[in-house]
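In what follows, a single structure is set out as C-alpha cells and then discussed.
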Amino acid sequence: MQKIGALISNNRRFIPLSATVALFFIAYAFGAISYEGMRDPQVFLNLFRSSHYLLISAIGMTFVMLTGGIDLSVSGVVALTTVASAALLREGWNPWAVMLLMLGMGMALGATMGAFITYLKVQPFIATLAGMWFARGMCFFISDDAIAINDRVYRILGMTKILVPGLADPVTKKGDFISILVIVALAVLAVAIYIAHFTRFGRTVYAIGGNEQSARLMGLPVNRTKMLVYTLNGFCSALAGIMLSIYVLSGHGLYAQIFELDVIASVVMGGTMLSGGAGYVFGTLFGVLVNTLIQTLIQFDGRFSSWWIRIVIGALTLMFIGVQSLLAARKTRQLASRKMTSQAKGAIAPAPLAALRNRQMLLLGGGAIIVIVLAVLAINGAQNAARGSVTNISTPTSAACQLKPFRQDQAASLMKAGAILAYERNGGSSCIDELYSVYPDGRIVGDDGTKKIEKQVTPADVDKLLSDINDKGWFTDEMYDTWHTPCGQCYGYYLTVSYKGQAKTVKAVDGGTDAPANYWQVVSTINGVIPHFAP
Amino acid sequence: MTQSKSSFTWRKITESKLFFPFIALALILLFDLIFIPRFFALTTQEGHLYGNLVDVLRNGSCVMLLGIGMTLVIATGGVDLSVGAVMAIAASVAAVMMNPVIIGLKLPPNLMKFINDPNFTYSPLWAVILVTLIVATICGLWNGLLVAYGRIQAMVATLILMIAGRGIAQLITNGVRIQIFYEPYAFIGQGWIVLPFSLYIVAAVFAIAWVLTRKTAIGMFIESVGINFRSSYFSGIDEKKIKLLAYTFCGFCAGVAGLVASSNIKTSDAYNIGLTFELDAILAVVIGGTLMAGGRFSLFASIVGALVMQAITTSMYAIGVPAFALQAIKGVVVVLVILLYSEQVRGLLHRITAQKGA
C-alpha cells in the first residue's frame, strides 16, 4: 500500500493525463456495453475520422497554453482558410499551391499576433481576439455563401479509404477504414510530441510556462520562442482549416463557430495546465477523443438533445481544472512544509492549508455538480422515454426497436417488375420499415409492411428525379456503401436506382457514420417526392 | 508662466482616462459627419426622439450594461468571459416564466386562449424580472466563488460557464426559441420615454455601480485588490469578498442586459442572444482605459468605450458594410486601440511631449 502511495506521489504529474485516459476508456466501455452499434470497430475509427482537424488545432493550442498564453483566433483562422482555399480552387489554382499559401497565411497571422503579444506586451487574450474577428470578418469579404470544392486532389485526399489491417479484407476492399487526414493528424501528433519533449525549443516552452521571468534570467530566448509558438499555432490552425475543407469539401465563413471553446476544453481535458508549464501533448490526443466520444455517445443514445454536449463538456472541464488546482495546492503545501522543516521554525503556514481546503471543497463541489448533471441526464432520459411511450403507445420503445433487415429480395423483384427506383427506409425513433418503388409512368408505391400507399406524379417528374440523382454522381465511385451496424435510433437506407441502362444499389446509415454529402442530397430529393405514411 | 500652466492642464487632460475614449468617439463622429449625410439628423415622433445617434445609444445599451459590470471585474485583475452566456440564460428564464407552454408545462385550458394575448403573462412581470436577476446573480456568484475561493484563474473559471451556459439556456427552454407576446415586457427594450427606455435602465445600473464604488470604500478596495491582492490582504482588505462582489455584480449586470436584449427582439434565442458580447464588453472596458491587469478604473470611460464600439458598428452599417464583414473592421479597430494604449506607444508619445516641453 505504501509503495502504491509512493508511486502515486512520485508520479503526480501524470495524474491528470491518466485520469483523461481512464475516463476515455471507461466512457467507451460504457458506450460499448449500452449500445450494440458502438462495438463496431468502425465507430471507434470514426472518432478519429471526425476529429482530425480538432486534434491538429488542439496540438497547436497545447504549445500556446504551455507557455501560459491562449489563442482565441483558431476558429477564425480555420474558417478563413476554408473560404480562401475554396475561393482560390474555384479560380482554378493548383491545389498544392493553395495549401502552401494557406499555411503561409496562417503562419503570418500567428506571427503577427505573436509579435503583438511578445513585443507590445498585449494580453494574449485581447490580441488573439482581435485576430479572430479580423479573420472571421475577412471570410465574408471573400464570400457570403458557402463555396463548394470540386478539386480532384481534395476529393482524393478526402475520400480515399485506408483499410485498417486486421479489420478489413484487402482483396474485396471492404471493412473498417480511416482516411488520409487521420494519418496526417497522427503524424503531426508524433512530430509535436518530439518537439515538445526532445528539443531545446520544447524545453524552453515549458520553462516559459513555469516562470517567464526566470526563463528570461536563465538566458533562454523567451521572445523568440513565444513568437515561434504563436506562429506554430497559426500553422496548425491553417492546417486544421485545410483538413476541414478537405473533409467537408467546401468553405464557408460560418464554419467552426465557437470551435476555439472545443479546442481549449480538449486541451484542458488533456491535462495541460492553463497557467502553463505543465502538461503533455500526448494528453491532448485523449482530450480530443473524450470530446468526440461525448458527442458520439449523445448521438448514439438519441434521447438527449445536442445541448447536453456543451453542458457535459463544461462539467468535465470543471472537473479537470479542479484536479489540476488540487494538485497545484498539494505542491505548494509540500514546498511549504519542506521549507519549514529545513528552517525548523515557525508555525504551520495557514494560507496553503486553507487554500488546500478550499480546493478540496471545490473538487467536491465540482464532483457534486457532475453527479447532479448526470442525474438530470438520467432523469431527463427516463422522462423522455416515458413521454415517448405515453404519447405513442403503439410504437415500440427505442430499446425494443431493432433495425429490421432490408427487404432486399422484395426490392429486387420490384425492380424486375418494372420499377426504376426502389428506396427502403428503416429504423428511426418510431421504428419504421418503409419500402417505396417508383415506376416510369409516374406511379409511386409505398409499403410499410402492413399497408400500402400510392401517389401519382407525371412521367416528367420521374425523369427529373432520376436525372437529379444522376447529376449528384450516383453512378460514380463517390457513392459507396457506408453501411455498418447502426445505432439505436438511426435510419438505415437501401436505395436502388436504374437509369439509362445502369443500375446501382447503395446501403447507408445515418447518425453513426457519414456518407458522402451527395448521398444525403439524393435521399432528401427522394423524400421530397415520395408520399408519406401518416404517423 | 502661461506656457507651463497650459501644458499642465494639457497633461491633466491627456492623462485623464476619458481622454482617449472621447478622442476615439470624436474621430468616429467626425468620420460620420463627413461621409454619411444626415447621420446627425434627429426627428421627433409623438414626442420621442429618433435618429442614428439615438440608435447608437439604444443598440449600445446592452454592451454598456455589460461594460459596467465588466469594469469592476477587470479592475480586480480578473475577467468574465461568461456574460454572453449569462445573458442567454437570463433571457431563457424570463421567456419560460412568461410563456411556459412550450416546454410542456401545460397551461390550464382556460388560460390557453390567452397565450398570444399581448396582455397575458404566466407569471407577473415583477416576478419575472426578480427571478431572472436572481438567476443571473447566482451565475455571477458561481464565477466569483470559483475565482475568489477556488483560486482558479479568472479566465478559466468563467470559461466553464461560457462553455456550459448556452447549453443550460437551451435546457431551460428545451431548445425552443420562445416568443414573448407580453407587451409590458417588450417595453424594457423597445419602449421610449423621449429617449429609449433601455437608456434609463443603463443610467440606473450605472448609478448603483457609481454609488457602490465611489460613495463607499468598495471602489478603493477593488482598485487595491487589482493592483496587488496580496498586499491588500495584508492591509486588512478581505480580497476574496471584494472579488466575489465584483463577479456577482457582473452577473447581475449580465442579467439586466439579457432582459433588455430578449425584450428587444421579443424572443429568447439561446443560441444568439449575447453571442460574442463578452468580447464587446471587454473591449469597451479596454477602450475605457482600464488595464487588463487590474487597478484604477473609470465606469464612465467604459460607457464611452461601449459607445465607441456601437458608433463604429452603426456607422459601418450606415455606409453599407455587411454585418459579418464588420467583424474584420472591429478587429482592425481593436488592434489600433491596443497599439494606442500599449506602453511602447505611450512612452513614445510621452517622449515627444517631453521634447516639446523642453
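The values are calculated or read from the model by the stated rules, or taken from the named source; none is laboratory data. Predicted model only: the values in this text are computed from it and were never measured. Positions of Cβ are generated from backbone atoms using ideal geometry, with glycine treated the same way; all protein chains shown enter the neighbour counts.
For a quick check of your reading of the model, give me the residue pairs whose first member lies in the stretch A:215-226 and is closer than 16 Å to residue A:112 by Cα, whose second is surrounded by fewer than 15 Cβ atoms within 10 Å (Cβ to Cβ), with beta-carbon atoms closer than 9 Å and at least 6 apart or on different chains.
That search, which allows pairs on different chains as well, returns A:223/A:119; A:223/A:216.
Given (1) at pLDDT below 90; (2) out of contact with any Phe, Trp or Tyr (no Cβ under 9 Å at 6 or more places or on another chain), where does residue A:135 come up short, assuming only one miss?
Looking at each condition in turn, residue A:135 falls short on (1).
Looking at the stretch A:94-114 only, could you name the residues that are within 14 Å of another protein chain (Cβ to nearest Cβ) and more than 19 Å from residue B:328 (Cβ to Cβ)?
A:114
Among the residues of the stretch B:188-197, write down those that are in contact (Cβ under 8 Å) with a residue 12 or more places away in the chain, of a type outside the set (A, V, I, L, M, F, W, C) and farther than 18 Å from residue B:97 by Cβ.
B:190, B:196
Looking at the stretch B:78-97, is at least one residue touching a Pro at 6+ places or on another chain (Cβ under 9 Å) and either assigned to a loop (DSSP other than H, G, I, E, B) or under 22 Å from residue B:146 (Cβ atoms) (or both)?
no
Out of A:86, A:58, A:115, A:32, report the one residue that is assigned to a helix (DSSP H, G or I) and in contact with a strand residue (DSSP E or B) (Cβ under 7 Å, 6 or more places away or on another chain).
The match here is A:86.
Inspect all residues belonging to the stretch B:291-298 and state whether any of them is in contact with a helix residue (DSSP H, G or I) (Cβ under 6 Å, 6 or more places away or on another chain), away from every other protein chain (no Cβ under 14 Å), within 22 Å of residue B:39 (Cα to Cα) and surrounded by fewer than 23 Cβ atoms within 10 Å (Cβ to Cβ).
No: the stretch B:291-298 contains no residue that is in contact with a helix residue (DSSP H, G or I) (Cβ under 6 Å, 6 or more places away or on another chain), away from every other protein chain (no Cβ under 14 Å), within 22 Å of residue B:39 (Cα to Cα) and surrounded by fewer than 23 Cβ atoms within 10 Å (Cβ to Cβ).
Kindly list the number of the only condition in (1) at pLDDT below 85; (2) over 28 Å from residue B:292 (Cβ atoms); (3) not in a loop (DSSP other than H, G, I, E, B) that fails for residue B:38.
(3)
Check off (1) part of a helix (DSSP H, G or I); (2) out of contact with any strand residue (DSSP E or B) (no Cβ under 8 Å at 6 or more places or on another chain) for residue A:219 and give me the number that stays unchecked.
Exception for residue A:219: condition (1).
Checking the conditions here, which among A:264, A:298 is surrounded by fewer than 23 Cβ atoms within 10 Å (Cβ to Cβ) and among the β-branched types (Val, Ile, Thr)?
A:298
Tell me, please, whether a residue that is at pLDDT 85 or above and farther than 30 Å from residue A:142 by Cβ can be found in the stretch A:82-89.
Checking the stretch A:82-89: not a single residue is at pLDDT 85 or above and farther than 30 Å from residue A:142 by Cβ.
Looking at B:286, B:345, which is the one that is assigned to a helix (DSSP H, G or I), surrounded by fewer than 19 Cβ atoms within 10 Å (Cβ to Cβ), of a type in the set (A, V, I, L, M, F, W, C) and facing chain A (nearest Cβ under 9 Å)?
Going through B:286, B:345 in turn, just one is assigned to a helix (DSSP H, G or I), surrounded by fewer than 19 Cβ atoms within 10 Å (Cβ to Cβ), of a type in the set (A, V, I, L, M, F, W, C) and facing chain A (nearest Cβ under 9 Å): B:345.
For the stretch A:57-96, which positions are closer than 16 Å to residue A:228 by Cβ, β-branched (Val, Ile, Thr) and over 18 Å from the mean Cα position of the chain (by Cα)?
Scanning the stretch A:57-96 gives A:64, A:67.
Quick one: in the stretch B:146-187, of everything that is in a loop (DSSP other than H, G, I, E, B) and touching a residue at least 60 places away in the same chain (Cβ under 8 Å), which residue is nearest to the other protein chains (Cβ to nearest Cβ)?
The residue in question is B:175.
I'd like to know if the stretch A:7-22 contains one or more residues that are assigned to a helix (DSSP H, G or I), of a type in the set (Gly, Ala, Ser) and in contact with a helix residue (DSSP H, G or I) (Cβ under 7 Å, 6 or more places away or on another chain).
yes
If you check residue A:128 against the conditions, is it in a helix (DSSP H, G or I), surrounded by fewer than 21 Cβ atoms within 10 Å (Cβ to Cβ), within 14 Å of another protein chain (Cβ to nearest Cβ) and of a type in the set (S, T, N, Q)?
No.
Tally time: how many residues in the stretch B:222-268 are in contact with an Asp or Glu (Cβ under 7 Å, 6 or more places away or on another chain) and acidic (Asp, Glu)?
Number satisfying all stated conditions: 0.
Scanning for something more than 14 Å from chain A (Cβ to nearest Cβ), touching a strand residue (DSSP E or B) at 6+ places or on another chain (Cβ under 7 Å) and surrounded by fewer than 24 Cβ atoms within 10 Å (Cβ to Cβ), does the stretch B:259-267 turn up at least one residue?
yes
May I ask you to list pairs of residues, at least six apart or on different chains, whose Cβ atoms are under 8 Å apart, with the first in the stretch B:316-328 being more than 7 Å from chain A (Cβ to nearest Cβ) and the second being acidic (Asp, Glu)?
What qualifies is B:318/B:32.
Looking only at the stretch A:141-157, how many residues end up being in contact with a strand residue (DSSP E or B) (Cβ under 7 Å, 6 or more places away or on another chain), outside any loop (DSSP other than H, G, I, E, B) and not β-branched (Val, Ile, Thr)?
The total comes to 1.
Applying the selection to the stretch A:439-475, what residues are within 38 Å of the chain's Cα centre (by Cα), in contact (Cβ under 8 Å) with a residue 40 or more places away in the chain and not in a helix (DSSP H, G or I)?
A:446, A:448, A:472, A:473, A:474
Looking only at residues that are surrounded by fewer than 19 Cβ atoms within 10 Å (Cβ to Cβ) and free of Cβ contacts under 8 Å to residues at least 12 places away in the same chain in the stretch A:301-320, which one is farthest from the chain's Cα centre (by Cα)?
A:305
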